[in-house]
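The values are calculated or read from the model by the stated rules, or taken from the named source; none is laboratory data. This is a predicted model, so every value here is computed, not measured. For neighbour counting, all protein chains shown are included, and Cβ atoms are generated from backbone atoms with ideal geometry for every residue, glycine included. With ligands, DNA and RNA removed, areas are computed over all heavy atoms of the protein, side chains included. Shrake-Rupley method; radii C 1.70, N 1.55, O 1.52, S 1.80 Å.
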Amino acid sequence: MTNSLLTDASRRLERAFKYVTISEDAAERLKAPKASLKVSIPVRMDDGSLRVFEGYRVHFDDTRGPTKGGIRFHPQVNLDEVQSLAFWMTFKCAALNIPFGGAKGGVTLNPKELSKAELERLSRGYIDAISNFIGPDTDIPAPDVYTNPMIMGWMMDQYSIIRQRRTPAVITGKPVALGGSLGRATATGTGAFYVLEAIMARLGASTSAKTVAIQGFGNAGSVVARQLFDAGYTIVAVSDSRGGIYTPDGLDIPSLQKFKSDTHAVKAVYCEDSVCSLVEHTVITNEELLSLDVDILIPAALENQITVANADQIQARYIFEVANGPISPDADDILEAKGVMVFPDILVNAGGVTVSYFEWVQNRSGLYWSLEDVNQRLKHQLVTATETIWQIAQKHKISARTAAYVHALASLGAAIDARGTRSDYVRTA
Ligand code: NAD
């Protein structure tokens, strides 16, 4: 029987408990999300028919601050997935020392099948349905898979209509024209690059580890691809939901990015149009991409891409998890036995939530920062967390993943114990 994603996600904690002093109460509290909301969203389609979509918003833990987490539009969205993503957000914010708890949201649909007007009605309808569950001091959404700044703009506007006041701090990842932060659109990929460079320097591998394969060429994957390309790495393969391309000489990432932005499509298309003629390449499947003989593998698409079914075939020396949860816990063990070093999602992809935090700070203060300022603060926050996690891993001789959870648990446990679990408290008024 396959475990639920949340059960799998929680298994990572069990390993970390051995290396951190945390009260039994706090450990028990972290086993279940604080609140899960399931909604239905009626949407008038362009042809006049009504379709009702299922949506979710989950708050996992809010002890360290208002909850924070993206909204995903994808056919596989379900409560278990959203709860797991909210779990990861909780530990990511704690590992990065960002004063937020963890949340996540999603709607079960294939957004590529909707027109722009239908997508706007759905996005506004979702906010109508969850408006009492979010807010700048309680829960602050952001983009995730198949959602983008345009959608965040509609959602912020809808929330502002409901509250009858302009409320930019309710959501992050907005267009810059509506109060978004400079650097937010590229933050996840840029942050992953900063983490990767810090780790490579620590490993003394900055100059030797150069070939890279990247699964997923979306917001996160395409930006980390570009950063690595500019820094002199050879990106031998990239893929999207429709498959991948491979060339041992390295892909021209700026041209691929330009092609994708020119199409203005949510979906990335590689092998039907001009991109294929840009370089000699071989078409490969996502499975083949994961098992390429490269120095660095970057899963940047969805969860559970590396499992017991294919972990044995991984040939990369280092894996940087830009996607959330791309490796199952059982696959972790296989990779560790093979000597593959894995750097975890809650550190590697934390650039997105870090600049989301900066966006929220800017919205609340009304003072906006330059791109240089944003990137400098981003780098500082991520390199500091990377160094701390590296030291914990060295001290206990544990994986970077367990070290990241140890670091996050110490901060979360202290917060829960300081506040109390509220179990003995009875509200009287
Ligand atoms: P996105 O929608 O911009 O891109 C997703 C990419 O994955 C697309 O290229 C898509 O074609 C590809 N894809 C989808 N299904 C696939 C499959 N089965 N096989 C291979 N590729 C597939 O999403 P994103 O924002 O780049 O998010 C990607 C991952 O990064 C997710 O796990 C997300 O949770 C994580 N993440 C994103 C952010 C952010 O700020 N965007 C922050 C932290 C983590």
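What the table shows:
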item: Gyration tensor (alpha-carbon) shape descriptor, region 350-423, a/c threshold 1.5; result: oblate
item: Cα centre as origin, Lys/Arg/Asp/Glu Cβ charges: the chain dipole, Debye; result: 1380
item: 1.4 Å probe accessible area per residue over the chain, in Å²; result: 41
item: Cleavage-rule hits, trypsin sites (Lys or Arg not before Pro), region 158-190, DSSP coil, Cβ neighbours within 10 Å at most 12; result: 165
item: Peptides ranked, highest mean first, by Cβ atoms within 10 Å: ranges 288-294, 169-175, 19-25; result: 169-175, 288-294, 19-25
item: Accessible surface of the chain, 1.4 Å probe, proportion on carbon and sulfur as whole %; result: 50
item: Within the chain, helix-based [θ] at 222 nm, where runs of 4 or more DSSP H residues each add -39,500 (n - 2.57), nearest 500; result: -14000 deg cm²/dmol
item: Considering only the chain, percent of DSSP beta bridges that pair antiparallel, nearest 5; result: 50
item: Pairs from 18/379; 34/116; 210/379; 92/116; 31/112; 258/338 whose Cα-Cα separation, in the structure shown, is over 28 Å; result: 18/379; 34/116; 92/116; 31/112; 258/338
item: Where labels lie 7 Å past Cα in the beta-carbon direction, separation of residue 337 and residue 365 in nm; result: 5.1
item: Gain on full stretching of the segment that runs from residue 307 to residue 150 - 0.36 nm per residue minus C-alpha separation; result: 53.1 nm
item: Prolate/oblate/rounded call for region 296-429, Cα gyration tensor, a/c under 1.5 rounded; result: oblate
item: Additional length obtainable on full extension of the chain from residue 4 to residue 231, 0.36 nm per residue less Cα span; result: 77.8 nm
item: 3J(HN,Hα) from dihedral phi, region 386-393, Karplus parametrisation 6.51/-1.76/1.60, rounded to Hz, x for glycine, proline; result: 4, 4, 4, 5, 4, 4, 5, 4
item: Loop trypsin sites (Lys or Arg not before Pro), region 67-105 (other Cβ atoms within 10 Å of the site Cβ: 11 or fewer; DSSP); result: none
item: Amide H partners (placed H, <5 Å) of residue 304, local residues excluded; result: 327
item: Fluctuation leader among 299, 111, 143 - the chain, Gaussian network, Cα springs under 10 angstrom; result: 111
item: Cleavage-rule hits (trypsin sites (Lys or Arg not before Pro)) in region 328-429: DSSP loop, at most 16 neighbouring Cβ within 10 angstrom; result: 397, 422, 427
